[in-house]
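First up is the structure itself, then whatever we jot down about it.
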There are 2 protein chains.
Amino acid sequence: MSDLGITVKKSEDFSEWYTQVILKSGIADYAPIKGCMIFKELSYAVWEKIQEIFNEKIKRTGHKNVYFPLFIPEGFLKKEAEHFAGFVPEVAWVTMGGDTLLEEKLAIRPTSETIIYATYAKWIRSWRDLPIKLNQWCNVVRWDTKGTKLFLRTREFLWQEGHTAHATKEEAEKEVMDILNEYRDLMENYLAIPVLVGRKSESEKFPGALYTTALEAMMPDGKALQMGTSHNLGQNFSKVFDIKFIGEDEKEHHVWQTSWGFSTRILGALVMVHGDDKGLVLPPKIAPIQAVIIPIPYKNADISTILAKAREIYEKLQKAGILTVLDDRKEYTPGWKFNDWELKGVPIRIEIGPRDVKHGQITLARRDTSEKITVKEEKAVDAVMGLLEDIQRNLFNKAKKFLEEKITAVKSYDEFKEVLKTKGGFIRASWCGSGKCEEKIKDETGATIRLIPFEKEEVSSNCIYCGGEAKEVAYFAKSY
Amino acid sequence: MSDLGITVKKSEDFSEWYTQVILKSGIADYAPIKGCMIFKELSYAVWEKIQEIFNEKIKRTGHKNVYFPLFIPEGFLKKEAEHFAGFVPEVAWVTMGGDTLLEEKLAIRPTSETIIYATYAKWIRSWRDLPIKLNQWCNVVRWDTKGTKLFLRTREFLWQEGHTAHATKEEAEKEVMDILNEYRDLMENYLAIPVLVGRKSESEKFPGALYTTALEAMMPDGKALQMGTSHNLGQNFSKVFDIKFIGEDEKEHHVWQTSWGFSTRILGALVMVHGDDKGLVLPPKIAPIQAVIIPIPYKNADISTILAKAREIYEKLQKAGILTVLDDRKEYTPGWKFNDWELKGVPIRIEIGPRDVKHGQITLARRDTSEKITVKEEKAVDAVMGLLEDIQRNLFNKAKKFLEEKITAVKSYDEFKEVLKTKGGFIRASWCGSGKCEEKIKDETGATIRLIPFEKEEVSSNCIYCGGEAKEVAYFAKSY
């Protein structure tokens, strides 16, 4: 295998495979500065697609996009004690403007609750001003000191963060769940990544939240990856930032708030979950290119007829709304092109050779299964559309099956440790609800509670750690 | 006039008018941190529209969107001496991550040439890798110490920056002009703001560029506002960053580069140029809401019939692709709504009252001229579409006429000073080409050379400052 292709198998050296797929497909690159990355055209185009899909969802439900400053004065960050404690170890600080030392150092936003809520306090006066439902797409910085992992652990990343304020507790609760459901739809029906949903334990919740709900996906190496979180902030922030409104009852109340976000780390999940030994595999619904047409000029064949046919098919597909590229570059062979587009994860390859022209047909090769089918030229649009749907479905189903296989119920701590070591994945275990047991398990095994299901599942044993009475079932896993 | 509306006239106190329009229309707000602003939903929605339009343009011509890091190591910024000198007084520096002092301080990007070109040096090997045509939408920071002016002078702003690398000088030159033309089309045919184009003088060019081309618009107070710049960087950066490629001639060459950008300051121009004493006036092509329907429930009239009709018209317009809002809020009177939507600059207001229902008609009020017309219900879509086009054209023509009136040719320095004091605007004057005269003029009058026309205009006198032989004609103005 040449250096151009992936030189390790996904099943043999997952971490090396992951890095090679990203660098060799050209979806992203390391930046020439520690801890940072470059979103190259392919990853950025997928991110733009995701933005488009999510914008459509939230605008439909009355949310508006805005943009708040990058800088947060230290004083704001300090207002909510738990929030400050949670974020301060990871903050990048601006201390100088030009050659002048700043009077108060400024945090580069690790998240924007504080700067936004300081503003809400000014904007909100009456129940008529509520709800406020804003969202922003921006960069955030968390000064991680561990090694860089493309998409998953970088000091700067891109995300969306939603921030809402409501008149009632019930409305805020509904918003948290509505967004969680939109996230789930995005992850499962567009990224084709099945998720488990539930709430976080006290120790894993967002610093400053009442409670956190989350989506967790399972990676091929048995580690969980958090795909997004939706927090109920209760009145924690509205009390410290003094966000009050005069209600219809003519009395003063603090607002109820939510915040929620997902980041470019979901692109890392996309690579991990669907990629294979040939490179990326992109689900059709978020692929910037859904089909690539490659003319195959055999010797002796009339290349101009083949090219004309290729162009004709290209026009047809484009017109039908299928994102198509015609790769008629002369400096590369068809074989080289096959590998290159496979590396880049394009769902469908369309081959047009002399035989195809002669029989009025085209050959379709699907990226997910490598299967090839031949269809009559006039059926091109329908065939491609059908195949795109099929690939989307197949990628999800495969991932769903894998996720389900990676959930193991255990009844003892020994069993827990054994499964974690040999199989990984989510481990469903009964738990007494104490933070102490949770912490001990984390210290001893590296696994944390990823989720507690919304609908209480029946406990099947005592707490696997302390042997005390179990209060609930939790899903544990190692995670990214 | 109530406090809700604008309390000063545009013609009487332009600066106060500008601030009031922005704050009272709610298009943007000051941030609770010095020198920064908040892009509220209306300005951000216009920015999203502009992004959509410009993305379509540059993607069509083979440019790709990407995202590079926010941080630039000091060492990178220093590589091109002129570039460093130009930007270093305005750089915000990150010096701490968590509680650890950084070994090398990091600039928050004031512009991204250096970090991007350090990467191009790694990516580019052969002529086959060229051209590279990338663009990014991002935030940038310039630590201005002067007072904040919403959209026009803030420490953080949003922009797009394009960065290209080419095999030949000619290709780079063409790119500079192609982009300038796209910018011009965006400003004139979408924002309805006419511009002058040309190149900058040596002292006004981008630090590190061979030459800078720019678009300049004229504000109502006689000051110029730069709407965008497109730079030919020549080989200045490729030499210091060592960006080389093996050409088809099998020899090593340095690439030729361009960079270009426009920022959210163009939103300030939009407010200034089109706004009036009632508030914002948005050109239809970039208005997030193009038409607002206001049902008018007279007493005794059957409100349900009016609402049903309003909804019917709303559906029709939406279906035709017209961005429409039906304002059926009960807590506000029609009069209040009229003022509010005028403040927000919506191009067309549609009134539907009992008389309209009775006669099967609707009443259209245009924001730009306040004219009202009545049209038959079944002509609603055509009428609104026609009116939107008309408003777009009218706004441009009005601004164009103003721009033309604000260009004055002078033959002496006395005349120059007189025109600058009494009329402002662009002053067309003959110039010897020396930086010394340019600097003296700036020191003495505050006016700078905004542009030197691409096509040499005939000089009509000696240099207005030194009286020496004039080499060319330049357009001077005070500017934002």
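Values quoted throughout were computed directly from the atomic coordinates according to the rules given, and no laboratory measurement underlies them. Quick caveat, the model's predicted, so the values are computed rather than measured. All Cβ positions, glycine included, derive from the backbone under ideal geometry; neighbour counts span all protein chains shown.
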*asked:* Whole-Hz ³J(HN,Hα) for each residue in the range B:428-439, computed from phi via Karplus 6.51 cos²θ - 1.76 cosθ + 1.60 with θ = phi - 60°, x for glycine and proline: what do you get?
replied: 8, 9, 7, 9, 7, x, 8, x, 5, 4, 4, 5
*Could you tell me whether the range A:305-375 comes out rounded, prolate or oblate from its Cα gyration tensor? Rule is a ≥ b ≥ c as square roots of the eigenvalues, rounded for a/c under 1.5, then prolate if a/b exceeds b/c, otherwise oblate.*
rounded
*0 to 90° range, to nearest 10: angle between helix A:41-60 axis and chain A longest Cα axis*: 60 degrees
*If you rank B:Asp242, A:Asp356 by fewest surrounding Cβ atoms within 10 Å, what's the result?*
B:Asp242, A:Asp356
*For n ≥ 4 DSSP H runs only, could you compute -39500 (n - 2.57) per run for chain A, divide by its residues and tell me the 222 nm figure to the nearest 500?*
-11000 deg cm²/dmol
*asked:* How compact is chain B by the rule of thumb for globular proteins, expressed as Cα Rg over 2.2 N^0.38 Å?
replied: 1.10
*Enter the angle in degrees (range 0 to 90, nearest 10) between the Cα long axis of helix B:169-189 and the first principal axis of the Cα atoms of chain B, meaning the one along which they spread out most.*
20 degrees
_Placing +1 on the Cβ of each Lys and Arg and -1 on the Cβ of each Asp and Glu in the range B:114-207, which of B:Trp143, B:His166, B:Thr114 has its Cα farthest towards the positive end of the resulting dipole?_
B:Trp143
*Dipole size in debye (nearest 20) for the range B:173-296 around its Cα centre, Lys and Arg Cβ +1, Asp and Glu Cβ -1?*
380 debye
_Please give me the summed charge of the neighbours of B:Thr363: other residues whose Cβ is under 13 Å from its Cβ, Lys and Arg +1, Asp and Glu -1._
+4
*Lys/Arg Cβ at +1, Asp/Glu Cβ at -1, dipole of the range A:1-138 taken about the Cα centre: which of A:Val46, A:Ile58, A:Ile22 is farthest positive-ward?*
A:Ile58
_Net charge of Cβ neighbours under 10 Å - reference A:Thr212; Lys, Arg +1; Asp, Glu -1_ = +1
*Size of the dipole of the protein assembly as shown about the Cα centre, Lys and Arg at +1 and Asp and Glu at -1 on the beta carbon, nothing else charged, in debye to 20?*
760 debye
*asked:* Within 10 Å of each candidate Cβ there may be at most 12 other Cβ atoms; applying that plus a DSSP loop requirement, which chymotrypsin sites (Phe, Trp or Tyr not before Pro) in the range A:410-463 survive?
replied: A:Phe454
*For B:Lys401, which inter-copy label distances result when the label point lies 7 Å beyond Cα on the Cα-to-Cβ vector, reported in nm to one decimal and in ascending order?*
7.2
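Let me have the relative contact order for the range B:407-477, percent, based on Cα pairs under 8 Å that are six or more residues apart.
Once normalised by length, the contact order is 41 percent.
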*Would you mind ranking B:Glu161, B:Glu444 by Cβ crowding within 10 Å, fewest neighbours first?*
B:Glu444, B:Glu161
*asked:* Once you order the gyration tensor axes a ≥ b ≥ c over the Cα atoms, which shape class does the range B:10-158 get: rounded for a/c under 1.5, otherwise prolate or oblate by comparing a/b with b/c?
replied: oblate
*Give the shape of the range B:106-224 as rounded, prolate or oblate, defined through the alpha-carbon gyration tensor: a ≥ b ≥ c are the square roots of its eigenvalues, a/c under 1.5 means rounded, and otherwise the shape is prolate if a/b is larger than b/c and oblate if not.*
oblate
*What residues qualify as long-range amide H neighbours of B:Lys471, i.e. H under 5 Å apart, gap of 5 or more or another chain, H built at 1.01 Å from N?*
B:Trp431, B:Cys432, B:Gly433
_Tell me the net charge near B:Val46. Cut-off is 12 Å between Cβ atoms, B:Val46 excluded, with +1 for each Lys or Arg and -1 for each Asp or Glu._
+1
*Considering only DSSP beta bridges whose two residues both sit in the range B:407-477, what percent are antiparallel, to the nearest 5?*
75 percent
*Let me have the relative contact order for chain A, percent, based on Cα pairs under 8 Å that are six or more residues apart.*
14 percent
*Might you report the magnitude of the Cβ-based charge dipole of the range B:371-442 about its Cα centre, with Lys and Arg at +1 and Asp and Glu at -1, to the nearest 20 debye?*
440 debye
_Folded to 0 to 90 degrees: helix A:14-25 orientation relative to chain A principal axis, Cα_ = 60 degrees
*q = 0.25 Å⁻¹: log10 I(q)/I(0) that the Debye formula gives for the range A:374-426, counting C-alpha atoms only*: -0.90
*Amide H contacts under 5 Å for A:Ala409, placed H, 5+ residues apart*: A:Arg428
*Among A:Trp256, A:Ile179, A:Ala31, which residue has its Cα positioned farthest towards the positive end of the charge dipole of chain A, with +1 placed on the Cβ of Lys and Arg, -1 on the Cβ of Asp and Glu, and the dipole taken about the Cα centre?*
A:Ala31
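Two decimals is fine: what's Rg over Rh for the range A:14-274, C-alpha atoms, Kirkwood radius as Rh?
0.98
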*Taking Rh as the Kirkwood radius, which is the inverse of the mean 1/r over Cα pairs, what is the Rg/Rh value for the range B:407-477?*
0.91
_Likely footprinting exposure, A:Ser11, A:Ser263, fewest C-beta neighbours within 10 Å first_ = A:Ser11, A:Ser263
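With the contact rule set at Cα under 8 Å and sequence spacing of 6 or more, what percent relative contact order holds for the range A:250-327?
On the way: 48 pairs, mean separation 20.9, N = 78.
Reported relative contact order: 27 percent.
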*Along Cα-to-Cβ, 7 Å out, sits the label point; list in nm, shortest first, how far the one on A:Gly321 is from those in the other copies.*
1.4
_In Å and on Cα atoms, what radius of gyration and Dmax does the protein assembly as shown show?_
30.3, 98
*Could you tell me which trypsin sites (Lys or Arg not before Pro) in the range A:408-478 are loop residues by DSSP with no more than 11 other beta carbons within 10 angstrom of their beta carbon?*
A:Lys456
*Counting other Cβ atoms within 10 Å, which GluC sites (Glu not before Pro) in the range A:304-363 have at most 16 and lie in a DSSP loop?*
A:Glu331
*Could you pull the copy-to-copy label distances for A:Lys174, with points set 7 Å along Cα to Cβ, in nm to one decimal and sorted shortest first?*
5.9
